[in-house]
Amino acid sequence: MALLSILQYPDPKLHTLARPVKEVDARIQGLIADMVETMYDANGIGLAATQIDVHERLIVIDVSEERNEPLVLINPEILWASEERVLNEEGCLSVPGIYDGVQRSTQVRVSALDGEGKPRTVEAEGLLAVCIQHEMDHLLGKVFVEYLSPLKRNRIKSKMLKTRRALGKSDVA
Ligand code: K1U
Ligand code: ZN
């Protein structure tokens, strides 16, 4: 297993549309193992393949207290999302240190393949529902800061670029 590096906002590669996974083979299963390890190492509750610069429809999530119930969703599709929405405080491993409110459906029903390639349906509410929607946005090339006002988004972009420069990293946008 290996730790993968996570793209940092405003890297334009975060806005890439992911393509469907064609086959759940050894390559995908290796990627899943590396993504789960990377998510735990970063103390995240989710990670989308887009964030590690792999543009295929694959996400991993673990919202359990003990961090031992990884959920793998390959080619996830929203079958139903509740009309009821709630404002949640969100964070993102691609935008470290930034937390802000985003409105999301309180409940979702999602179809996907699991890590063995078997079809499954997931009914989610609470933090799991929020995290599924956040990770599925990544697969569409959308980062949560795009729900915020242009003023907030530009401030976040400047802060991230300033931090990158201070760390001696090259500009990405
Ligand atoms: O996609 C990601 O970068 C992972 C992200 C998932 C997420 C967190 C919060 C709401 C929606 C989606 C994170 O894990 S951010 C870091 C984190 O562990 C966290 C932040 C706020 C609440 C709970 C966890
Ligand atoms: Zn994120």
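Within the range 1-11, identify whether any single residue is without any contact (Cβ under 8 Å) to a residue 60 or more places away in the chain and closer than 25 Å to R153 by Cα, and answer yes or no. Can you show your working first?
Initial filter on the range 1-11 (without any contact (Cβ under 8 Å) to a residue 60 or more places away in the chain): 1-5.
Narrowing further to those that are closer than 25 Å to R153 by Cα: 5.
Looking for residues that are without any contact (Cβ under 8 Å) to a residue 60 or more places away in the chain and closer than 25 Å to R153 by Cα, one finds at least one in the range 1-11, hence yes.
Which residue is nearest to ligand 2 (Cβ to nearest atom), if the candidates are limited to the range 8-38 and must be within 25 Å of L161 (Cβ to Cβ), assigned to a helix (DSSP H, G or I) and not hydroxyl-bearing (S, T, Y)?
Step by step, filter the range 8-38, then rank; the result is L14.
May I ask you to list pairs of residues, at least six apart or on different chains, whose Cβ atoms are under 7 Å apart, with the first in the range 128-149 being under 12 Å from S105 (Cβ atoms) and the second being among the small types (G, A, S) and within 11 Å of ligand 2 (Cβ to nearest atom)?
H134/G46
Only one of A49, A42, A2, A26 is of a type in the set (G, A, S) and either in contact with a Cys (Cβ under 8 Å, 6 or more places away or on another chain) or within 15 Å of L140 (Cβ to Cβ) (or both). Can you tell me which?
Values: A42 fails: either in contact with a Cys (Cβ under 8 Å, 6 or more places away or on another chain) or within 15 Å of L140 (Cβ to Cβ) (or both); A2 fails: either in contact with a Cys (Cβ under 8 Å, 6 or more places away or on another chain) or within 15 Å of L140 (Cβ to Cβ) (or both); A26 fails: either in contact with a Cys (Cβ under 8 Å, 6 or more places away or on another chain) or within 15 Å of L140 (Cβ to Cβ) (or both).
It is A49.
How many of the residues in the range 125-166 are surrounded by fewer than 20 Cβ atoms within 10 Å (Cβ to Cβ) and either in contact with a Gly (Cβ under 6 Å, 6 or more places away or on another chain) or assigned to a loop (DSSP other than H, G, I, E, B) (or both)?
5
Specify which of the listed residues (S111, S64, S5) is in a strand (DSSP E or B), surrounded by fewer than 17 Cβ atoms within 10 Å (Cβ to Cβ) and among the hydroxyl-bearing types (S, T, Y). Steps first, please.
Working: S64 fails: in a strand (DSSP E or B); S5 fails: in a strand (DSSP E or B).
The conditions single out S111.
Whether any residue in the range 106-119 is touching a helix residue (DSSP H, G or I) at 6+ places or on another chain (Cβ under 8 Å), in contact (Cβ under 8 Å) with a residue 60 or more places away in the chain and either within 13 Å of ligand 1 (Cβ to nearest atom) or polar (S, T, N, Q) (or both) is what I want to check. First the steps, then the outcome.
As a first pass, look at the range 106-119 and keep what is touching a helix residue (DSSP H, G or I) at 6+ places or on another chain (Cβ under 8 Å): 106-108, 110, 115.
Restricting the remaining residues to those that are in contact (Cβ under 8 Å) with a residue 60 or more places away in the chain gives 115.
Applying the additional criterion that residues be either within 13 Å of ligand 1 (Cβ to nearest atom) or polar (S, T, N, Q) (or both) yields none.
No, the range 106-119 has no match at all.
Residues of the range 74-96 being touching a helix residue (DSSP H, G or I) at 6+ places or on another chain (Cβ under 8 Å) and touching a residue at least 60 places away in the same chain (Cβ under 8 Å), which ones?
The answer is P76, C92, L93, S94, V95.
May I ask you to verify whether E89 is exposed (fewer than 13 other Cβ atoms within 10 Å of the Cβ), touching an Asp or Glu at 6+ places or on another chain (Cβ under 9 Å) and assigned to a strand (DSSP E or B)? Explain how you work it out, then say what you get.
Values: exposed (fewer than 13 other Cβ atoms within 10 Å of the Cβ): yes; touching an Asp or Glu at 6+ places or on another chain (Cβ under 9 Å): yes; assigned to a strand (DSSP E or B): yes.
So E89 passes the test.
Can you pull out the residues in the range 27-41 that are surrounded by fewer than 15 Cβ atoms within 10 Å (Cβ to Cβ) and within 16 Å of ligand 1 (Cβ to nearest atom)?
Across the range 27-41, the qualifying residue is only D41.
Yes/no per residue for (1) more than 16 Å from ligand 2 (Cβ to nearest atom); (2) at pLDDT below 95; (3) out of contact with any strand residue (DSSP E or B) (no Cβ under 7 Å at 6 or more places or on another chain); (4) polar (S, T, N, Q):
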| position | (1), (2), (3), (4) |
| --- | --- |
| N75 | yes, no, no, yes |
| L87 | yes, no, no, no |
| L93 | no, no, no, no |
| I98 | no, no, yes, no |
| G101 | no, no, no, no |
| S105 | yes, no, no, yes |
| A112 | yes, no, no, no |
| E116 | yes, no, yes, no |
| P119 | yes, no, no, no |
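The values are calculated or read from the model by the stated rules, or taken from the named source; none is laboratory data. If you're wondering where the values come from, they're calculated on a predicted model, not measured in any experiment. Cβ: placed from backbone, ideal geometry, glycine included. Neighbour counts: every protein chain shown.
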